[in-house]
Structure formats: structure tokens, C-alpha cells
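Data block below; observations after.
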Amino acid sequence: MRVLLTVETRSSKGRAARRLDPSCRCLFLDLPMDQTPYLRRLAEGEDPEGVVREMESRGKVRIPEDLQELRALGPLLRTLPRGVRIFGYRDPSSYRVSRETAEVLLRLTLKAKLGRIRAGEWKEVLRREVENRREAVGLEADFIASRAEEENACLDAPPELISLLSERGFEMEVETVDPPCRPLDLLLSRVREEVLGGREVGEGEVEGLVREHLRFVDLVVERGYERAYELWKLRAG
């Protein structure tokens, strides 16, 4: 199974689409299982705005990150060969927790803009998200294994899911299309390392990455998400 690691931009998903093997029969996306019918409708060419409005009315799109994920997938879904089966592989309950976490992080961001950064609070929220993802990988691996065909691809599987699928007999090939560079992604990665027994993330490091996150948010407001990400990636080198 080929795992392509991307970021939430159209350009990144477009690059992933060009890396898919022509013989790919199943594509697993980092979205909840219950969004699979909507993803397939988008891939079939249905009006994206209409599909998104329906998802909003049914509570499937709640926060700006939800909308950005769907927009970013557009180039990939539109260029898939006919016959590729699409699935969202995220556990819906775990995904809801992730969205609730995103809302908490938004509130913490607003507090940080006012000068209130409590490193322990940020770490605790992100630690819970790491645990949330780890607890769901068994169900997600079962879902993927029961639907996979001879040639498969998966977008943005976390390390724990990749490891579990490998243990279950899948030959995993991992390719990084775009490495994460958002400060919040980097902080989440540091916290994940700590949870898994790595070095402790100090308060100073947390506060520094939060301040970088605030600068990134300002850039998004000024330039829009897609352009802001490309500019930030250039800055990160």
C-alpha cells in the first residue's frame, strides 16, 4: 500500500494525484468513513458548492478547517481514473473529537493573540489529540484491511496506522509529498514524541511555536490559506 503524506492545500493534493499508480484500485482519504458518499459524489463531478452546502446542513462541515480539507481535495478527486474506489478511513467518533480539539485550539489562539499563552494548556490539548488518534487506529486498520484490493493508496495515515497495517501483512511504501511546516503541526509532532517516550517539550519551545502559529494565522488572514502556506513553506526552507 502506498502512503502519500500531504498538507491541506490544492497544490499538495494535486502533486499526490500525479504520484498515484495507474493501477491503484482503492484510495483511502484522511476523512471520516461517513463522508465517503460525499467524496464519491465530488469525484464523479457533482457541483462542489452544492455538495458542501448539503454537508454543512448535516453538520459534516463545522469549522474552517473542514472546508479547507474539501477544497484542497478538489484537484485530486477531479483527476482520479474511473473505477478507483474512494473511502474516508477515519473513525467518525475520533474525527469528531479531532474537530472539537480544533475548536479548543481556536479559542486558545484567540487567548494567545491577547498575550495569554499557557504552555501546559496547549500541551494538554495536543496530548489528548495524540491519544485520540492512537486509540482509533485499530478500527481504522480493520476498515482499510476489509476493503483494500490488490493496489491501494492512502493519504496522510499517521505513523501508528502505518505500523499496524504493516503488522497485518500490508507492504507499506511511504512517500512524503509535502512535509508539514505549520507551527501547530510541528508542535503536535513534538508532543507526540513526548507521549511516545521521547524528550519532554519545554515551556519555552511550546511558547515559541505558539507565537509562530500566531504569525502564520496573521498571514492566512492577509493572503488566504493556500498562498499563506506556500509563503510559509518557502520561509521554513
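Amide H contacts for Leu31 (H built 1.01 Å from N in the peptide plane; partners 5 or more residues away or on another chain; cut-off under 5 Å): Tyr89, Arg90.
What FRET efficiency would be calculated for the residue pair Met33, Glu121, taking the C-beta separation as r and a Förster radius of 30 Å, to the nearest 0.05? With R0 = 30 Å, the Cβ-Cβ based efficiency is 0.45. For the range 148-223, the fraction of alpha-carbon pairs lying more than 22 Å apart is 45 percent, rounded to a whole number. With 0.36 nm allotted per residue and the present C-alpha distance subtracted, the Glu171-Arg147 stretch has 7.1 nm of extension available. If the chain linking Arg40 and Leu214 were pulled fully straight, counting 0.36 nm for each residue of separation and taking away their Cα-Cα distance, it would gain 59.1 nm.
Highest GNM mean-square fluctuation among Leu108, Leu76, Leu196, for the chain modelled with Cα contacts below 10 Å: Leu196. So if I take the centroid of the Cα atoms in the range 7-66 and the same for the range 208-234, what is the distance between those two points in Å? Spelled out, the Cα-based centre of one part sits 24 Å from the other.
The count of lysine pairs in the range 2-236 whose Cα atoms are under 29 Å apart, excluding pairs fewer than 8 places apart on the same chain, comes to 10. Once the C-beta distance of Ala236 and Glu207 is scaled by a Förster radius of 25 Å, the resulting FRET efficiency is 0.85 to the nearest 0.05. Could you give the angle, 0 to 90 degrees to the nearest 10, between helix 48-57's Cα long axis and the longest principal axis of the Cα atoms of the chain? Helix 48-57 and the main axis of the chain meet at about 60 degrees. Between the Cα long axis of helix 119-147 and the first principal axis of the chain there is an angle of about 10°, rounded to the nearest 10. Annotation: average projected area of the range 16-116 is 7.5 square nanometres, based on the convex hull of Cα atoms across all directions. For the chain, the longest principal axis of the Cα atoms and the long axis of helix 183-195 meet at an angle of about 90 degrees. Entry for the chain at q = 0.10, 0.15, 0.18 Å⁻¹: log10 I(q)/I(0) = -0.48, -1.13, -1.59, Debye formula applied to identical alpha-carbon scatterers, no solvent contribution.
Every number in this text was worked out from the coordinates using simple rules, so none of it is lab data. Since we're looking at a predicted model, the values are computed, not measured. Don't worry about glycine lacking a Cβ; one is built from the backbone with ideal geometry, like all the others, and counts go over all protein chains shown.
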